[in-house]
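Everything on this sheet refers to the single structure shown next.
The values are calculated or read from the model by the stated rules, or taken from the named source; none is laboratory data. What you are looking at is a predicted structure, and each value in this text was computed from that prediction instead of being measured. Cβ atoms come from the backbone with ideal geometry, glycine included; neighbour counts cover every protein chain shown.
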Amino acid sequence: MNFKTLAKTVAMGGAVCAALATAAAAEVKVGMITTLSGGGAGLGIDVRDGFLLALEQSGRDDIEVVIEDDQRKPDVAVQLADKLVQSEKVDVLTGIIWSNLAMAVVPSVTAQGKFYLSPNAGPSQLAGRGCHPNYFNVAWQNDAYHEAAGAYAAADGSKKAFVLAPNYPAGQDAITGFKRGFGGEIAAEVYTKLGQTDYAAEIAQIRASDADILYYFLPGGMGISFMKQYSGSGAEVPVIGPAFSFDQGILGAIGDAALGVKNTAHWSKDLDVPGNAEFVASFSEKYGRLPSIYAAQGFDTALLLVSATAAADVTDADAFRAALKAADFQSVRGAFKFADNHHPIQTIYMREVIKEGDVVTNRLVGPAAEDYADPYGVDCKM
Amino acid sequence: MSLILIAEQVLNGLQFGIMLFLMAAGLTLIFGVMGLINLAHGSLYMVGAFCAAAVAAATGSFALGLVAALAGAAAAGALIELVVIRRLYDRDHLDQVLATFALILIFSEGTRWVFGSFPLYLDVPPALAGPVALPFGIQYPLYRLALIVIGLVVAAGLFWLIARTRIGVQIRAGENDREMIAALGVDIDRLYTFVFALGAALAGLAGALVGAIQSVQVGMGEPVLILAFVTIVIGGIGSIKGALIGALLVGLTETLGSVFLPELFKLFMAPAAATQTGASLSSMAIYILMAMVLIWRPTGLFGARA
Amino acid sequence: MSREAVFNLVVLAGLVALPLYAHLSDAPFTITLATRAVILSLAAVGLNIALGIGGLVSLGHAVFFGVGGYAMGILAFHAQTYAPLMEWPFVVEGTKSMPVIWLVAVVFSALVALGIGLLSLRTSGVYFIMITLAFGQMFYYFAISWSAYGGEDGMSIYVRNGFPGLNTLVPVQFYGLCLVLLCAALAFNAVLLRSPFGLALNAARQVPDRVRAVGLDPFRLRLLAFVISGAITGLAGALFADLNRFVSPTMFSWQLSGEFIVFIIIGGTARLFGPVAGAVLFVALEHFLGGVSDYWHIWFGLLLLGVVLFGRGGLIGVIAGRGRGHD
């Protein structure tokens, strides 16, 4: 049976079930573990706010959410997962931002029969050999942005790339992903210290190289520091990056230095798909700031959950899993479906940093990789 | 690798070292005069950066931002000295470590409470933006050059303050014999508050200056704090001269290590493995440097007997 | 019986009774929390030997915690993937057996403590604090870039390691195991305090010259204390890894070293049960304050400040009055 017929069957079955289930809808309890304090709190807050907004708009009062702060510490996250599973007895978990925290939490909660919906992290292990029927990634596999950026750069005529990332697994994956998509020559591959704040040495190397494109993956504060220093250095190699370094939450801190930079994302606030403009407007109105990709991911995660709980009872694990897999919701990113390893098949777009009035933000350029599916799915046996 | 690149990297190392000196000078002064370990020094750096970003955003003037950073950090320093630090001078190091550790928690979360969880915007002033051409064809960011100059001026001013002024005499006397200067009628409480606020202002200045080319965010102080500690331990705790030498050593080791270690490993390893190993080793380089210095001279390069 | 002894007994009774109650009333998460408290207590008991008796303020004890954790992680990782740890000069297989893992954790953290101690005990005072901090950072950055064992992501161990005769997956059984080890460490600590070595170490802290005058070498005394201290903290690290079924470089972070010191101080310095009281209080506060406010670090910081400034002697000092604690 191919995917579409399966999806249709499930959706139809789901609709019947939903009619039955609404009468005796069991309460669904969701545990959200995310980063709400400390340095990386901005991302967690966006995911949470997006998630809660979608839930509120759905008008469902039978979904209860318990929110916990992991402080970006893996051991705290594991402990909170134990708490949510053992003492709160939640049905579904979600919320984790960082890959290393996801690796610490996801295998154990899915092994305990709970569902996990990832609103952000997508480590390759969980997409490949470590995939699990109860694990669904609603955001992207970690490689997606990097590979799409590589493909875009190659198609755009770049021949020689300078690549830069922190020396840790996600950084190494980023460079591997970019190289896979790019396929061209690599001028230099530089690994920096995690949390590094001064990039003068690396920028000098970039200027001394003969690269015609610079790709860097430096999430959070690292990217802010890099971009500010890079734009003041007189270096002229054009920059391309993943959205993590150019998203709404940090563009304000980079300012004009980021203007013109191309970056890949699965979503953009000016993406013309049903529901997106409403999402951007309602988020801005409710929270007083523009939504980021993280907010969009949180929003989509809640939409998926709402759609699945409407179609199946969460206590019936097989039916609920099928309802999740069907992904019967209108994502703010447009077309969305799950591959067999429960990771998205979606278009990755290229965006460009621009200024709208006083606000530095992103504008959509066009697709960088259409119907992207990650390469790890072949290793996934389930 | 060209000579120009090497020269540029040396300049980068110097610039990093000079900024580190601003942090380390306050830390080492406070230890030298009051015998206090201040883990919260990084928080004052953060306070400086946030004050600068907030004022620069409100007024549009980077210079006013710097003034605000100096004033804000000095005020925060004086405040915690009066309320908390003052009670710690006659305690052992353990209590000092713990109390200032508590201050870090309060400052970090307090800043997040006031300014929110997202990084703030602070940019290089337009007059100092862009690169400048130096002799031998070196293109160097003007702002970084300005940082080196400002840092050197502040360092010179600090040496002058300590060597030539009345307050400098008191500070030096305080380092040698605390009871004695109290007996000589110096208002020791005021001296301590002044020294602490001075150290805080230097940290705040560093935070604002560096904040313009880095990210102004909660938690930005801790990595710098640890580097500043490494610096003063290498230089010898309590010695301003040691702090300067130590800062330059750390700055150069950190910058040159991250560039040249991977190159070095490429001579006898596969390129991918070499970049990995080189990057790993360079992230540990300054700690290895510190351990070696301490094994050779247990009280640092210019330290008095501990 | 002194008030401190009564307090100790109450703490011990609480540690036995609470999880049993939680087990009977089916609140497994309370047991998980209690296990965390007991393991962190054990780590702090280890530190207390160096800090409380020897006066060595180590701001790098997370190194040993991390080494213990990684000993567990690496052995269990190889057992779970059926790949031998090394094949030359002889084959070493991974293992899922707790006693073997504990032994490896203790031996390796003791060796690391010996290395660090030999170098850093040449210094004293602030320099010692700083050099231990530097070693901590060195290990931290090494672990982050050690991609063979997960780098910054760390390693997940899917099933908790086993102990002969017990089902460690049952929270209360694993808790019991940890509690027994904590009690053993406390008993060892109590014996150590009264032993000639403990007395000499105490003297080496207060009057090193006199110790030297009677022919003992303060450096060796401190080194031995540091090694013992590191080994116990390493054992706690292995247990902590098993509690979370996960290890990562954050086990080496300097903030964790700071927290160990916090346990000792809020409990009461150089009190036998100080680290235990402190760790239990810390875990409880983390749990309850974390639920009250996103900004709970502020309140925790203020509380800590209050303890340092006004509540000298920590929790035990407040409850039991000034007892045998030093200064």
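To keep it simple, each residue is scored yes or no on (1) surrounded by 24 or more Cβ atoms within 10 Å (Cβ to Cβ); (2) out of contact with any strand residue (DSSP E or B) (no Cβ under 8 Å at 6 or more places or on another chain); (3) within 24 Å of A:F51 (Cβ to Cβ).
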residue	(1), (2), (3)
A:S124	no, yes, no
A:N134	no, no, yes
A:Y145	yes, no, yes
A:P169	no, yes, no
A:Q172	no, no, no
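Each row is one residue, and each column tells you yes or no for (1) assigned to a helix (DSSP H, G or I); (2) in contact (Cβ under 8 Å) with a residue 40 or more places away in the chain; (3) at the interface with chain C (Cβ under 9 Å from one of its Cβ atoms); (4) out of contact with any strand residue (DSSP E or B) (no Cβ under 9 Å at 6 or more places or on another chain).
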position: B:G246; (1), (2), (3), (4): yes, yes, no, yes
position: B:L249; (1), (2), (3), (4): yes, yes, no, yes
position: B:A273; (1), (2), (3), (4): yes, no, no, yes
position: B:A285; (1), (2), (3), (4): yes, no, no, yes
position: B:F302; (1), (2), (3), (4): no, yes, no, yes
In the list A:G234, A:G260, A:G252, which residue meets the criterion of being in contact with a strand residue (DSSP E or B) (Cβ under 9 Å, 6 or more places away or on another chain) and in a helix (DSSP H, G or I)?
A:G252
Checking C:V172 against (1) farther than 19 Å from C:G14 by Cβ; (2) of a type in the set (A, V, I, L, M); (3) away from chain B (no Cβ under 14 Å), which single condition isn't satisfied?
(1)
Note on the stretch B:1-14: residues more than 7 Å from every other protein chain (Cβ to nearest Cβ) and either of a type in the set (S, T, N, Q) or outside any helix (DSSP H, G or I) (or both) are B:M1
Which residues, counting only those in the stretch A:97-137, are of a type in the set (A, V, I, L, M, F, W, C) and either at pLDDT 95 or above or under 20 Å from A:A312 (Cβ atoms) (or both)?
A:V109, A:F115, A:L117, A:F136
Count - residues of the stretch A:308-350 that are more than 25 Å from A:N142 (Cα to Cα) and in a helix (DSSP H, G or I):
7
How many residues of the stretch B:238-287 are touching a Ser or Thr at 6+ places or on another chain (Cβ under 6 Å) and either among the hydrophobic types (A, V, I, L, M, F, W, C) or closer than 21 Å to B:Q15 by Cα (or both)? The answer is 11
Kindly check whether there is at least one residue in the stretch B:73-93 that is in contact (Cβ under 8 Å) with a residue 40 or more places away in the chain, facing another protein chain (nearest Cβ under 10 Å) and part of a loop (DSSP other than H, G, I, E, B).
no
Pick from the stretch A:226-253 the residues that are more than 22 Å from the chain's Cα centre (by Cα) and hydroxyl-bearing (S, T, Y): which of them is nearest to the other protein chains (Cβ to nearest Cβ)?
A:S233
So which helices (runs of 4 or more DSSP H) are wholly in the stretch A:92-174 and hold at least 3 residues that are among the aliphatic types (A, V, I, L, M) and in contact (Cβ under 8 Å) with a residue 60 or more places away in the chain?
A:143-155
Would you check which residues across the stretch A:190-212 are at the interface with chain B (Cβ under 8 Å from one of its Cβ atoms) and assigned to a helix (DSSP H, G or I) and list them?
A:A200, A:A201, A:E202, A:A204, A:Q205, A:R207, A:A208
The stretch A:33-68: number of residues that are more than 22 Å from A:D328 (Cα to Cα), at pLDDT 90 or above, in contact with a Ser or Thr (Cβ under 6 Å, 6 or more places away or on another chain) and among the aliphatic types (A, V, I, L, M)
1
What helices (runs of 4 or more DSSP H), lying completely within the stretch C:254-320, carry at least 3 residues that are at pLDDT 80 or above and within 11 Å of chain B (Cβ to nearest Cβ)?
C:254-267, C:296-309
Considering the stretch A:197-220, residues that are buried (at least 24 other Cβ atoms within 10 Å of the Cβ) and in contact (Cβ under 8 Å) with a residue 60 or more places away in the chain, and then whichever is nearest to A:I254 (Cα to Cα), we arrive at A:F217
Could you check how many residues of the stretch C:244-253 are at the interface with another protein chain (Cβ under 8 Å from one of its Cβ atoms), part of a helix (DSSP H, G or I) and not hydroxyl-bearing (S, T, Y)?
2
Kindly evaluate B:G151 against the criterion of being in contact (Cβ under 8 Å) with a residue 12 or more places away in the chain, touching a Phe, Trp or Tyr at 6+ places or on another chain (Cβ under 7 Å) and closer than 19 Å to B:I240 by Cβ.
yes
Scan the stretch B:129-145 residue by residue and report those that are facing chain A (nearest Cβ under 9 Å), over 22 Å from the mean Cα position of the chain (by Cα) and in a helix (DSSP H, G or I).
none
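Could you say which residue among B:L98, B:L66 is crowded, with 22+ Cβ neighbours inside 10 Å, without any contact (Cβ under 8 Å) to a residue 60 or more places away in the chain and in a helix (DSSP H, G or I)?
Just one listed residue meets the conditions, B:L98.
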Looking across the stretch A:221-250 at residues that are hydroxyl-bearing (S, T, Y) and under 18 Å from B:P126 (Cα atoms), the single one that is surrounded by the fewest Cβ atoms within 10 Å (Cβ to Cβ) is A:S233
Quick check: anything in the stretch B:176-186 modelled with pLDDT of 80 or more, out of contact with any Leu (no Cβ under 7 Å at 6 or more places or on another chain) and surrounded by 11 or more Cβ atoms within 10 Å (Cβ to Cβ)?
no
